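Asks: This is the structure I want to talk about, given as structure tokens.
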Amino acid sequence: MPVDKERYQGIVKEINAAGVQLVAVSKTKPVEDIKALYDLGQQDFGENYVQELSEKAAQLPADIRWHFIGHLQTNKVKYIASFVHLIQVVDSWKLLQEIDKQAAKNKRVIDCLLQVYIAREETKFGLDEKELDEITTRLSNSPLPNIKVKGLMGMASFVQNSDVIKNEFHYLKTLFDKYAGLLSDGSKNPILSMGMSSDYKIAIEEGSNMVRIGSLIFGER
Ligand SMILES: *Cc1c(COP(=O)(O)O)cnc(C)c1O
């Protein structure tokens, strides 16, 4: 299925008006679809799998900003460290240390978000509030020179009930307000990445400044 250009442009207009950044989630979609969206001006793309991301990045323009949004295993960081723009899924100190190490090898600083667990489903990944507190304390005591934690990311429950989703996003926003200033990037434009195709409007109402939208733009997977 080709990219829905009109829908894409409509979403861009809507979220730009709200001052929100769009990450177009292209997992499982072919490079041709990504290139079509890139040609419309989209530069930020999200991918979930290390191998798929590496293969696609090699075939596409070098100025695409690749966001890693899938579960990231420590031993795979090395494959994306030379080019990834923002790793949105940091859920442990161990992973943060590995990103720092691989970033240093590539002589760069890699921007990261801490993923927070806000949903009901046990299958989702992320830090709980206590772990978030521990990791931010650890960061301020022993900063890692080759990473920058720019903010938080979270996924709401996959449910129809919009009150549940709203409450989960609201909770993440309170954590963001509490911790954003403590993160290693200080208070410079911290990122709150929340909202997908089905719930991005609620997320923006609750204070998101980055949404990750896939199927609404690229069609169902
Ligand atoms: C796949 C995915 C998205 C996009 O989902 P859509 O429902 O297709 O918009 C957003 N965020 C994460 C973390 C994802 O894995």
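Rule-based calculations on the coordinates, nothing more; no lab input. Treat the numbers as computed from the prediction; the structure is a model and nothing was measured. Heads up, the Cβs are rebuilt from the backbone with ideal geometry, glycines too, and the neighbour counts pull from every protein chain shown.
Asks: Can you find, among L53, N106, L95, the residue farthest towards the positive end of the dipole of segment 27-128? Put +1 on the C-beta of Lys and Arg, -1 on that of Asp and Glu.
Replies: Projecting each Cα onto the dipole axis, the largest value belongs to N106.
Asks: Test of understanding: in a Gaussian network model of the chain with alpha carbons linked when under 10 Å, which of N209, N167, N141 would top the mean-square fluctuation ranking?
Replies: N141
Asks: Residue by residue through segment 196-212, what is 3J(HN,Hα) from phi via Karplus (6.51 cos²θ - 1.76 cosθ + 1.60, θ = phi - 60°)? Round to whole Hz and write x for glycine and proline.
Replies: 10, 3, 7, 9, 5, 5, 5, 4, 5, 4, 8, x, 4, 10, 8, 10, 10
Asks: Cut-off under 17 Å on the C-alpha distance; same-chain residues fewer than 8 positions from K166 excluded. Which aspartates and glutamates are left, in chain and number order?
Replies: Leaving aside aspartates and glutamates fewer than 8 places away in the same chain, those within reach of K166 are E121, D177, D199, E205, E206.
Asks: Of all the C-alpha pairs in the chain, what % are more than 28 Å from each other?
Replies: Numbers: 6274 of 24310 pairs.
Counting pairs separated by more than 28 Å, the tail of P(r) holds 26 percent.
Asks: Report the one residue of Y171, F83, A17 whose Cα lies farthest in the direction of the positive end of the charge dipole of the chain (charges on C-beta: Lys and Arg +1, Asp and Glu -1; origin at the Cα centre).
Replies: With unit charges placed on the Cβ atoms, the residue in question is F83.
Asks: Counting helices only, and only those DSSP H runs with n ≥ 4, report the 222 nm mean residue ellipticity of the chain as the sum of -39,500 (n - 2.57) divided by its residues, in deg cm²/dmol to the nearest 500. Intermediate values should be presented prior to the final figure.
Replies: On the way: 9 runs with 90 residues, N = 221.
Dividing the helical sum by the residues of the chain leaves -12000 deg cm²/dmol.
Asks: Something else now. Quick one: H170, H67, H85, fewest Cβ neighbours within 10 Å first, how do they rank? All intermediate terms of the calculation are to be shown ahead of the outcome.
Replies: Numbers: H170 14, H67 26, H85 18.
Ranking H170, H67, H85 by Cβ neighbours within 10 Å, fewest first, gives H170, H85, H67.
Asks: Relative contact order for segment 5-216: what percent, with Cα pairs under 8 Å and sequence separation of 6 or more?
Replies: This gives 19 percent for segment 5-216.
Asks: How would D128, D100, D199 line up from fewest to most surrounding beta-carbon atoms within 10 angstrom? Walk me through the numbers before you get to the answer.
Replies: Numbers: D128 11, D100 20, D199 23.
The order, fewest Cβ neighbours first, is D128, D100, D199.
Asks: Here's another thing I want to ask about it. Which pairs break 20 Å Cα to Cα here: K78/K148; K13/K150; K124/K148; K124/K178; K35/K124; K78/K107?
Replies: Beyond 20 Å between Cα atoms: K13/K150; K124/K148; K124/K178; K35/K124.
Asks: Return the loop-located GluC sites (Glu not before Pro) in segment 118-170 (DSSP other than H, G, I, E, B) with at most 16 other Cβ atoms within 10 Å of their own Cβ; answer none if there are none. Walk me through the numbers on the way to the answer.
Replies: Values: sites: E121, E122, E129, E131, E134, E168; in loops: E121, E122.
Hits after loop and neighbour filter: E121, E122.
Asks: I've got another one for you. About the Cα centre of the chain, what is the dipole size in debye to 20, counting +1 per Lys and Arg Cβ and -1 per Asp and Glu Cβ, all else neutral?
Replies: 660
Asks: Roughly how many whole Å is it from the C-alpha centroid of segment 110-129 to that of segment 144-221?
Replies: Measuring centre to centre over Cα atoms gives 10 Å.
Asks: Within the set of other residues whose C-beta is less than 13 Å from the C-beta of E206, count the net charge using Lys and Arg as +1 and Asp and Glu as -1.
Replies: Here the charged neighbours net out to -2.
Asks: Near the amide H of G46, under 5 Å away, which other amide H atoms are found, from residues 5 or more places off or on another chain, if H is placed in the peptide plane?
Replies: A24, V25, S26, H67
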